[in-house]
1. Treating the angle as unsigned and between 0 and 90°, give the value, to the nearest 10°, between the Cα long axis of helix 125-143 and the longest Cα principal axis of the chain.
2. Below 14 Å, Cα to Cα, which aspartates and glutamates can Lys9 reach? Residues fewer than 8 away in the same chain don't count.
3. Normalising by the residue count of the chain, find the relative contact order in percent from Cα pairs under 8 Å and 6+ residues apart.
4. Need the list of aspartates and glutamates near Lys148 for cross-linking: C-alpha distance under 20 angstrom, and skip anything on the same chain fewer than eight residues off.
5. Rounded to the nearest 500, what is the chain's calculated 222 nm mean residue ellipticity when only DSSP H runs of at least 4 contribute -39500 (n - 2.57) each, over all residues?
6. Tell me, what is the 1.4 Å probe accessible area of Glu86, in Å² to the nearest 10?
7. What is the angle, in °, between the Cα long axis of helix 321-330 and the longest principal axis of the Cα atoms in the chain? Nearest 10 is fine, range 0 to 90.
8. Distance from the Cα centre of region 309-388 to that of region 213-259, in angstrom?
Amino acid sequence: MAGPNGSGKSSIFDAFSVWQQANNHGLNWDSSYHSRTLSGAAWNNHVHIEFHTPNSGKKTFYLRSAHRNDPEFQIQNIGRQSNPLEEMRVRRMIDGDSAVSQNYQRLTSAAFEDAFDRMDETQTLKQFRAASIGEIGGAVSRLFPNLKLETLGNPLEDGTFRFTKATTKNFSYKNLSGGEKAAFDLLLDMIVKRRNFDDTVFGIDEPETHLNTRLQGELLGELYGLIPEGSQLWISTHSIGMMRKARELNKQYPNQVIFLDFEGQNYDLPVVMNAITPTRIFWERVLHVALDDLAELVAPSEIVLCEGNPRGPVAGKNQEHDARCYECIFSDEFPDTKFISAGNSKEVAGDRLTFAAAFPKIIPGIKIFRLIDRDDHSPQDAIELNVKEGVKTLSKRHIESYLYDEEVLASLYLNKGQILGFIKMQAALDRALADSRARGYPVDDVKSAASDISVFVKGDLQMTAVGNDQMAFARNVLAPIIKPGMQVYAQLKKDIFNLP
């Protein structure tokens with residue numbers, strides 16, 4: 001789950017917690033915290049959860065808040081620990097969530113039981129000690145190569161975790177850095193609790209706390225590997241490292257990682273939040289949250305300079321129109337390609353803004369090419385522009401020829417459940433093009449007819465708040481329709497990327 005502070009990510013975990021308490025542990029409903037409107041309505045008027053399969057009772061959810069801090073501890077005795085399924089350590093996502101000392105006691109208690117009941121009689125003491133900390137020790141060493149968990153110490157006298165750090169032996173848990181403690185806490189908790197929570201939604205609010213970007217991603221990889229079969233791991237994060245690792249996991253394990261974008265949602269109205277593809281646009285928003293202005297330093301691997309009003313200090317209503325449309329259409333398949341509007345066709349072809357000349361010097365290895373509308377260029381003109389100047393030309397007159405293509409408009413009517421109305425729309429399309437020709441425009445100049453077409457379609461489908469002019473309508477409604485599998489998508493892809 002990605003999004004800026006205050007966008008509602010932690011509220012999802014609070015909703016899970018409310019459901020868990022109400023159904024399994026007893027809920028102390030706090031309307032001043034849990035209810036946005038401060039209403040006196042019962043919890044089940046605020047939280048309703050449907051499960052794909054029957055929920056697993058007390059093990060349905062296991063949640064960690066963002067306020068995890070156990071700076072030091074020393075245990076003086078061993079005691080039997082309660083069943084984790086009976087506990088509700090964190091009831092709100094604003095609560096403190098110290099778990100290391102409790103998990104230490106669970107480990108030592110389990111080791112004590114193993115020694116007297118389950119231990120293989122042929123096992124040596126060294127082997128027994130290694131087995132008691134083996135899994136957590138391995139995870140710690142993979143994350144921090146210079147840190148090795150050696151022992152649980154003596155739980156009857158100043159019991160705590162003991163490490164070897166670089167050349168220093170008997171290194172106490174309390175002397176670990178904040179980042180080492182933060183990662184150790186989450187790894188230890190997952191390893192200890194998954195024995196009981198084996199059919200569970202694990203939720204961790206901001207697991208990246210106290211960790212640098214590289215370790216954030218590596219921690220997520222370790223946590224992902226520890227999830228029990230049939231369980232889920234939900235992460236609320238602002239972290240670049242976490243998001244990058246999640247994208248890598250998504251490529252490595254298709255359909256196993258889902259991204260939810262919380263930015264720009266209006267929770268005063270019902271919101272349907274679907275999984276999104278981590279496109280470059282989404283990635284840039286994540287980087288803006290994490291890095292603010294430094295996000296502009298993140299470079300794509302390829303830049304396409306196209307026509308359209310360039311970005312300026314004062315944004316116009318149709319600023320970078322062509323680039324925004326191309327970005328919308330191709331961001332899924334070409335997430336590392338950035339489109340930039342650089343003026344009219346002559347300005348793009350001549351690189352008036354010197355983008356094509358400057359970018360390779362600033363970002364070594366980046367690919368730059370220029371794209372212009374066909375307009376009245378002949379096929380031979382297009383070939384010469386490409387060969388002599390490296391400028392690609394659309395096969396149709398301009399971008400509107402693709403956006404207002406009959407296939408796109410048919411898909412729109414089909415999506416609206418009005419496919420029978422498409423016949424009427426075709427007649428309106430023909431009239432708009434005929435009127436355009438009557439005004440002296442070329443027979444294939446869809447741009448000159450786009451205003452009439454968009455007005456008719458909005459009225460015919462009773463669409464509102466989709467743009468005040470034909471360009472805004474094309475960006476908001478038509479560009480998102482153009483997807484792989486459509487002829488218009490294939491043609492535009494071939495024109496720009498020279499790919500089938």
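The values are calculated or read from the model by the stated rules, or taken from the named source; none is laboratory data. Note that the structure is predicted; figures quoted are calculated from it, not measured. Quick reminder, even Gly has a Cβ in these numbers, built from the backbone with ideal geometry, and neighbours come from all protein chains shown. Quick note on the areas: whole protein, heavy atoms, side chains included, nothing else; ligands and nucleic acids left out. Shrake-Rupley method; radii C 1.70, N 1.55, O 1.52, S 1.80 Å.
1. 20 degrees
2. Of all the aspartates and glutamates, those that pass the test against Lys9 - Cα under 14 Å, at least 8 places apart if same chain - are Asp205, Glu206, Asp261, Glu263.
3. It rounds to 11 percent for the chain.
4. Output for Lys148: Asp70, Glu72, Glu135, Asp158, Glu180, Asp185, Asp189, Glu218, Glu222.
5. Here the helix-only value at 222 nm equals -12000 deg cm²/dmol.
6. Ignoring ligands and nucleic acids, Glu86 comes out at about 110 Å².
7. 50 degrees
8. 35 Å
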